[in-house]
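Pasting in a structure now, in structure tokens, and then I'll have a few things to ask.
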Amino acid sequence: MSFPQPSDFRPPIIPDGEVYDNPENGRSYYWTQILLPEGSTPDTATSIGGYWTVVCDSADGKYVLKAGDTMTGALEFDDTEEAIKFKPEAGQRQTVEVLRDNNSGTVGGGLDVFLLGNSDYNQLRILGRSSADGDKEFFKVGGNEGTSTFSGRVNLNKPVEDSEDSEGFVIKGTIANGPEDPTSGGRGNLLNVYHNADAADAINYAGKINSPSNLVNKGYVDDKDDLLRQDIIELEEEINAIAPSLEYGNWEWKQPANNTRPPEQGTFYLLDDALELTTSYDNASSIVISNYEYDDPNDDDPVDIHTWADADPDELIQLFDAADPDFLLGKIVQVHNDGPEYVRIEITRIQSSGVPNDNADPVTGLFLTRVNVFKEPSGGTASDFVLKSGDTMEGPGPLVIKTAKSSYNSASPGTGTAYLKFQNKYGSGTAVHDVNVFMGGGNNTPNGLCITGRPLHVSSTIYSSGLYKARSSTAEYNPDLYIQSTEGQLRYNNTKKLSWQSDGIIDIIIKNNDGDKGMIIKRDRSSTNRVQWSGVVDISTSGSERCIGELWYNKNDGVMYLRIS
């Protein structure tokens, strides 16, 4: 707007005392109005005059221009509630910029807001307002404890490109020593976001996991899952003791393209009454299952193969999902040998719940199911069973523990192995020592052994039929001890190397030589320093490598020598 001219000096165009900026000279003026005659009002005045007074001059550097300027000192406000107002037009955004000096070297620049005075009332707030709702507090920081409060939605954008690895949002704190150890592990990242390059990002938690309301991490869940799996194994063993398994193993549920396809090795699927594909245990009337169990890539043992010879009509069959409580319990009607490597087990459903394909096994990511064929438990009184707390089995029949294992492992019982487990808890924690006693599967010599993977201590006599051998988990060692009724032998590869009877040692093989009459045992003079059979007097021209007191005959000079020092 151009500066007003004298002809415009009429109320209310230029109110008395109004300040105007003159862009032509950079000065600001205010108008003093004069009404004539003196004492007149605007309505009674016969003429109006006045004069301009300079308020500030940009040339003297004392004032800030409305059009924009630079302040070199502090700007202070009195106790007014409205100090600075920004009034953007509709759709316009106004910005407050804080710029650091480019010549400040490595010193960072920024904006500090200091709230001085009583800390209980020092607060920095960001408010929003609408004519309908009034003031709305979105963000507040300050107060006695320095608490920050967000009343609106908070969005934290990803700070790096998708191709970069970077730490993101971090909450610092005292981390825990372990998933269930609440003691202090020092200060660290209590909760943090990590952005992975070209992969899904992660949120990591390292705090206490002991209280019901605490967060848990995958390591804690995996530990608990291992304990739960062990409990399930022990429960299955107890159930199997009541109703012994005829067929048992793990299979993967995998549905083929149509109902005429055979199952893949290690898999099964379900058919309904019309022999159509179904995923519901409630609708299942047939189980089409491979003769081959699921091949666990973490198990070095050969995969078990089932013949289903004991899956007779009226036996029970149970399918129990590995990842959830879904199951199927039925009675076998008939086993149909529909293919060379699979069967179709026709059943009458007794009880069921769920489907086999809604929750994958957390370890393998597959829909794994345990399949168990067993005899229906018969009735009896409590006296027909052995008490867990201890009891006596009078027989006359034996206690039989059956196994379906077909391979040998001396370290531990594998899948499908029946075994006895002894546990001893020690210390104040949950740690235990385990001892397993089991039998190797198969029909050759090592696979028929009774095995324990722990040291065996006997406080009295060990009796044997006569042969004591040693072996690893894969091979039998050649040395052995053989004891007969009148003679004992140390042997190598079933060949006698030393033997003894009631009167002492009767034979020794040294370097594949059992010696001759009159010979004695000496150490040889080679680098091996082994013993050998030799005559009493050595015949040799060399006098080296002789011991004190040794006799030897030199055939070159016909002299017998004795070393005396």
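Does at least one position in the stretch 130-143 carry a residue that is more than 23 Å from residue 208 (Cα to Cα) and at pLDDT 85 or above?
Within the stretch 130-143, none of the residues are more than 23 Å from residue 208 (Cα to Cα) and at pLDDT 85 or above.
Just to verify a result, which residue in the stretch 218-251, among those that are among the small types (Gly, Ala, Ser), modelled with pLDDT of 75 or more and more than 23 Å from the chain's Cα centre (by Cα), is surrounded by the fewest Cβ atoms within 10 Å (Cβ to Cβ)?
Within the stretch 218-251, the match that is surrounded by the fewest Cβ atoms within 10 Å (Cβ to Cβ) is 245.
Considering only residues that are over 21 Å from residue 248 (Cα atoms) and either at pLDDT 80 or above or surrounded by 12 or more Cβ atoms within 10 Å (Cβ to Cβ) (or both), which ones fall in the stretch 355-385?
Once the filter is applied, which keeps residues that are over 21 Å from residue 248 (Cα atoms) and either at pLDDT 80 or above or surrounded by 12 or more Cβ atoms within 10 Å (Cβ to Cβ) (or both), the stretch 355-385 yields 358, 359, 362, 365.
Could you pull out the residue among 21, 8 that is surrounded by 13 or more Cβ atoms within 10 Å (Cβ to Cβ) and modelled with pLDDT under 75?
Just a single option satisfies the conditions, and that option is 21.
Exactly one of (1) part of a loop (DSSP other than H, G, I, E, B); (2) more than 23 Å from residue 77 (Cα to Cα); (3) at pLDDT 70 or above; (4) not hydroxyl-bearing (Ser, Thr, Tyr) is unmet by residue 96. Its number?
(2)
Another one. Over 30 Å from residue 55 (Cα atoms), among the hydrophobic types (A, V, I, L, M, F, W, C), at pLDDT 65 or above and part of a loop (DSSP other than H, G, I, E, B): is that true of residue 77 in this structure?
no
What tally of residues in the stretch 422-442 results from selecting those that are in contact with a strand residue (DSSP E or B) (Cβ under 9 Å, 6 or more places away or on another chain) and in contact (Cβ under 8 Å) with a residue 24 or more places away in the chain?
4
A further question on this structure: Of the numbered conditions (1) in contact (Cβ under 8 Å) with a residue 12 or more places away in the chain; (2) touching a Phe, Trp or Tyr at 6+ places or on another chain (Cβ under 9 Å); (3) loosely packed, with under 12 Cβ neighbours inside 10 Å, residue 546 satisfies every one except a single condition; which is it?
Going through (1) in contact (Cβ under 8 Å) with a residue 12 or more places away in the chain; (2) touching a Phe, Trp or Tyr at 6+ places or on another chain (Cβ under 9 Å); (3) loosely packed, with under 12 Cβ neighbours inside 10 Å one by one, residue 546 breaks only (3).
Does residue 453 fit the bill of being at pLDDT 75 or above and either in contact with a Ser or Thr (Cβ under 8 Å, 6 or more places away or on another chain) or surrounded by 10 or more Cβ atoms within 10 Å (Cβ to Cβ) (or both)?
yes
In the stretch 524-534, is there at least one residue being modelled with pLDDT of 85 or more, surrounded by fewer than 10 Cβ atoms within 10 Å (Cβ to Cβ), over 60 Å from the mean Cα position of the chain (by Cα) and not small (Gly, Ala, Ser)?
No: the stretch 524-534 contains no residue that is modelled with pLDDT of 85 or more, surrounded by fewer than 10 Cβ atoms within 10 Å (Cβ to Cβ), over 60 Å from the mean Cα position of the chain (by Cα) and not small (Gly, Ala, Ser).
Among residues belonging to the stretch 273-316 that are touching an Asp or Glu at 6+ places or on another chain (Cβ under 8 Å) and assigned to a strand (DSSP E or B), point out the one that is surrounded by the fewest Cβ atoms within 10 Å (Cβ to Cβ).
Only one residue fits best here, namely 305.
On to the next question. Give me the pairs, please: first residue somewhere in the stretch 324-343 and closer than 29 Å to residue 359 by Cβ, second residue anywhere and outside any strand (DSSP E or B) and among the aliphatic types (A, V, I, L, M), beta-carbon distance under 7 Å, and either six or more positions apart or on two chains.
Short answer, once both residue conditions are applied: 326/355; 328/284; 332/311; 335/311.
The values are calculated or read from the model by the stated rules, or taken from the named source; none is laboratory data. Nothing here was measured: the structure is a model prediction, and the numbers come from that model. Cβ coordinates were reconstructed from backbone atoms using ideal geometry, including for glycine residues, and neighbour counts include every protein chain displayed.
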